[in-house]
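Visitor: Attaching a single structure in structure tokens format; questions to follow.
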Amino acid sequence: MCGGLLFKAATVILARSSAESGLRRWGLKLRERVGFKRAAVAVARKLVVIMHALLKAGTFFDRSIGAAA
């Protein structure tokens, strides 16, 4: 169930969002190489990793920080 929501969030990041972030730039580059669906799955997975790290550290997301490839 949560996987579908994460995929939708990744889809919005790649397709509809106009806010620049390292995660979005990384996903758009990946989309050029592997296609939209695979890039959205990769962005969704990266979202999970980011959220887990934020929960462990007790911090907030800062979209101005670049995404590590």
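The values are calculated or read from the model by the stated rules, or taken from the named source; none is laboratory data. Worth saying up front: this structure is predicted, and the values here are computed from it rather than measured. Positions of Cβ are generated from backbone atoms using ideal geometry, with glycine treated the same way; all protein chains shown enter the neighbour counts.
Visitor: Looking at the range 28-45 only, could you name the residues that are within 17 Å of residue 63 (Cβ to Cβ), free of Cβ contacts under 8 Å to residues at least 24 places away in the same chain and either crowded, with 18+ Cβ neighbours inside 10 Å or not hydrophobic (A, V, I, L, M, F, W, C) (or both)?
Guide: Result: 29, single match.
Visitor: Scan the range 51-69 for residues that are aliphatic (A, V, I, L, M), modelled with pLDDT under 90 and surrounded by 12 or more Cβ atoms within 10 Å (Cβ to Cβ) and jot them down.
Guide: Scanning the range 51-69 gives a single hit, 67.
Visitor: Another question, if that's okay. So which residues in the range 16-32 are modelled with pLDDT under 95 and either of a type in the set (A, V, I, L, M) or over 10 Å from the mean Cα position of the chain (by Cα) (or both)?
Guide: Listed by number, the residues that qualify are 16, 17, 18, 19, 20, 23.
Visitor: Another question, if that's okay. Out of curiosity, is residue 10 surrounded by 12 or more Cβ atoms within 10 Å (Cβ to Cβ) and under 19 Å from residue 63 (Cα atoms)?
Guide: yes
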